[in-house]
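The values are calculated or read from the model by the stated rules, or taken from the named source; none is laboratory data. These numbers come from a predicted model, not from an experiment. With ideal geometry, Cβ positions are generated from the backbone for all residues, glycine too; neighbour counts draw on all protein chains shown.
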Amino acid sequence: MEPIQHIFPLLLQPKKIAITTHMKPDADAMGSSLALKNVLEQLGHQVTVISPTNWAGWVNWMQGADEVIDYEKDKTIADQLLDQIDWLFCLDYNHFSRTKSLAEKLKSISCTKILIDHHREPDETSFQYGWSDTSKSSTCEMIYDFINASGNANKLNEAVCECIYAGVVGDTGSFRFPAATSNVHLLVADLKTRGLNHEKVHDKLFDNFLENRLRFTGHVLLHRMEVFYEYNTVLIAIPKSDLLKYQIKTGDTEGLVNFPQSIQGMKLVALVIDRDEERKWSFRSKGTFDCNSFARRFFEGGGHYNAAGGRSSESLEDTIKKFKAAMKENKSQLQ
Ligand code: 5GP
Ligand code: MN
């Protein structure tokens with residue numbers, strides 16, 4: 001993988017470009033993709049964003065979200081487009097497997113592939129150019145750096161600033177995680193100087209739900225949460241029946257995993273949701289518990305040191321048993 005700076009001179013010739021991101025894109029994935037699209041279009045490129053799956057409604061306010069292709073819905077159109085592109089950007093994921101049914105297509109096409117990502121253990125051999133930096137708060141922060149370093153700071157318009165800010169807020173837990181460095185705060189200061197309305201973005205991200213979602217949250221915290229004080233661990237397990245009863249949609253469960261971190265002394269929070277095709281895990285830790293290794297070892301997943309995800313094809317009951325055994329095995333790291 002050659003350094004990303006090597007593509008800067010090549011940005012001057014107009015190209016056909018696709019930007020892809022991970023399945024069920026969150027604020028960072030969608031924000032970084034749409035911010036980059038906006039800037040590349042200002043440079044004269046023809047750009048399409050393709051998401052491997054659908055996404056949460058609370059990113060639909062971002063400029064350009066209405067033109068994003070959902071690969072599961074419009075596979076034929078996306079495949080045709082991918083056959084014609086010069087460049088493929090891969091944002092906010094480290095491995096093609098994170099793009100679900102899109103993975104095979106992305107592997108097979110022969111265009112130039114460019115990675116920009118902050119997850120651990122990237123598959124560097126799949127990309128001609130790239131930048132992987134696990135110290136970065138978010139892919140949006142990296143896109144901001146990319147825009148500046150390539151001499152395009154004058155293209156940070158209102159829409160781009162909003163997208164970047166949304167991703168940074170999302171991935172830093174609103175500036176509370178260790179990844180919210182002084183550089184992140186300097187980035188925000190610059191966006192503010194450029195006229196960013198941060199209140200609007202917070203409103204769109206956090207105060208944009210229906211009543212059922214809040215009632216679902218209350219139900220889950222009351223009935224589906226187990227605290228293991230001996231292991232400083234909290235587990236939330238959500239059966240399919242809860243999702244149906246409260247009409248839970250993509251994105252409605254975002255943030256749920258953060259609530260138990262407010263209990264004194266907790267080191268690990270695990271959330272498992274019984275989705276149709278799989279049991280989806282989210283892990284959050286504080287301090288020295290390595291969620292990335294834990295998710296990789298026990299739940300076919302990965303991510304960051306203090307935030308990771310994984311999956312299981314076993315039943316909800318069995319995957320919970322597996323979690324409890326894994327928790328016991330990790331007792332010394334959790335104390
Ligand atoms: P979340 O719990 O918010 O879904 O994900 C937390 C972090 O872990 C995100 O950065 C996400 O991209 C990553 N992640 C989530 N699920 C998986 C997975 O199955 N595999 C890998 N490698 N990373 C994941
Ligand atoms: Mn991210």
> Does Gly57 fit the bill of being touching a residue at least 60 places away in the same chain (Cβ under 8 Å) and within 16 Å of ligand 2 (Cβ to nearest atom)?
Replying inline: no
> Quick one: would you say Gly57 is within 30 Å of Trp281 (Cβ to Cβ) and more than 16 Å from ligand 1 (Cβ to nearest atom)?
Replying inline: yes
> Residues in segment 161-190 that are within 16 Å of ligand 1 (Cβ to nearest atom) and acidic (Asp, Glu): how many?
Replying inline: 1
>> Being of a type in the set (A, V, I, L, M, F, W, C), buried (at least 21 other Cβ atoms within 10 Å of the Cβ) and without any contact (Cβ under 8 Å) to a residue 24 or more places away in the chain narrows it down to one residue among Ala308, Ala325, Ala270, Ala295; which is it?
In response: Ala295
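One line per residue, one yes/no per condition, for (1) surrounded by 15 or more Cβ atoms within 10 Å (Cβ to Cβ); (2) more than 16 Å from ligand 2 (Cβ to nearest atom):
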residue	(1), (2)
Asn154	no, yes
Glu162	yes, yes
Ala166	yes, no
Ala189	no, yes
Asp203	no, yes
Gly218	no, yes
> From the list Phe283, Phe323, which one is of a type in the set (Phe, Trp, Tyr), touching a strand residue (DSSP E or B) at 6+ places or on another chain (Cβ under 9 Å) and near ligand 1 (Cβ under 8 Å from one of its atoms)?
Replying inline: Phe283
> Which of the following residues is more than 16 Å from ligand 1 (Cβ to nearest atom), surrounded by fewer than 17 Cβ atoms within 10 Å (Cβ to Cβ) and at pLDDT 95 or above: Ser150, Ser135, Ser126, Ser110?
Replying inline: Ser110
> Which of (1) within 16 Å of ligand 1 (Cβ to nearest atom); (2) part of a helix (DSSP H, G or I) is the odd one out, the single condition Gln5 does not satisfy?
Replying inline: (1)
>> Suppose we filter segment 106-128 for residues that are within 21 Å of the chain's Cα centre (by Cα) and away from ligand 2 (no atom under 14 Å from the Cβ); how many remain?
In response: 9
> Gly173 fails exactly one of the following numbered conditions: (1) modelled with pLDDT under 95; (2) surrounded by fewer than 13 Cβ atoms within 10 Å (Cβ to Cβ). What is the number of that condition?
Replying inline: (2)
> Can you tell me which residues in segment 87-144 are free of Cβ contacts under 8 Å to residues at least 24 places away in the same chain and in contact with an Asp or Glu (Cβ under 9 Å, 6 or more places away or on another chain)?
Replying inline: Ser97, Asp133
> Restricting the search to segment 6-44, which residues are surrounded by 17 or more Cβ atoms within 10 Å (Cβ to Cβ), under 28 Å from Gly170 (Cα atoms) and not aliphatic (A, V, I, L, M)?
Replying inline: Thr20, Thr21, His22, Lys24, Pro25, Asp26, Asp28, Gly31, Ser32, Ser33, Lys37, Asn38
>> Just to verify a result, which residue in segment 196-208, among those that are assigned to a loop (DSSP other than H, G, I, E, B) and in contact with a helix residue (DSSP H, G or I) (Cβ under 6 Å, 6 or more places away or on another chain), is nearest to ligand 1 (Cβ to nearest atom)?
In response: Asn208
> How many residues does segment 14-35 contain that are touching a Cys at 6+ places or on another chain (Cβ under 6 Å) and either part of a strand (DSSP E or B) or more than 10 Å from ligand 1 (Cβ to nearest atom) (or both)?
Replying inline: 5
> Quick check: is even one residue across segment 78-87 within 15 Å of ligand 2 (Cβ to nearest atom) and either loosely packed, with under 15 Cβ neighbours inside 10 Å or within 14 Å of the chain's Cα centre (by Cα) (or both)?
Replying inline: no
> In segment 191-205, how many residues are in contact (Cβ under 8 Å) with a residue 24 or more places away in the chain and out of contact with any Asp or Glu (no Cβ under 7 Å at 6 or more places or on another chain)?
Replying inline: 8
>> Just to be sure before I move on: is Trp61 of a type in the set (Phe, Trp, Tyr), surrounded by 18 or more Cβ atoms within 10 Å (Cβ to Cβ), at pLDDT 95 or above and over 26 Å from Arg296 (Cα atoms) in the structure I sent?
In response: no
> Can you tell me which residues in segment 13-42 are in contact (Cβ under 8 Å) with a residue 12 or more places away in the chain, more than 16 Å from ligand 2 (Cβ to nearest atom) and within 18 Å of Asn154 (Cβ to Cβ)?
Replying inline: Lys37, Asn38, Val39, Leu40, Gln42
> Can you pull out the residues in segment 92-105 that are buried (at least 18 other Cβ atoms within 10 Å of the Cβ) and within 16 Å of ligand 2 (Cβ to nearest atom)?
Replying inline: Asp92, Tyr93, Asn94, Arg98, Thr99
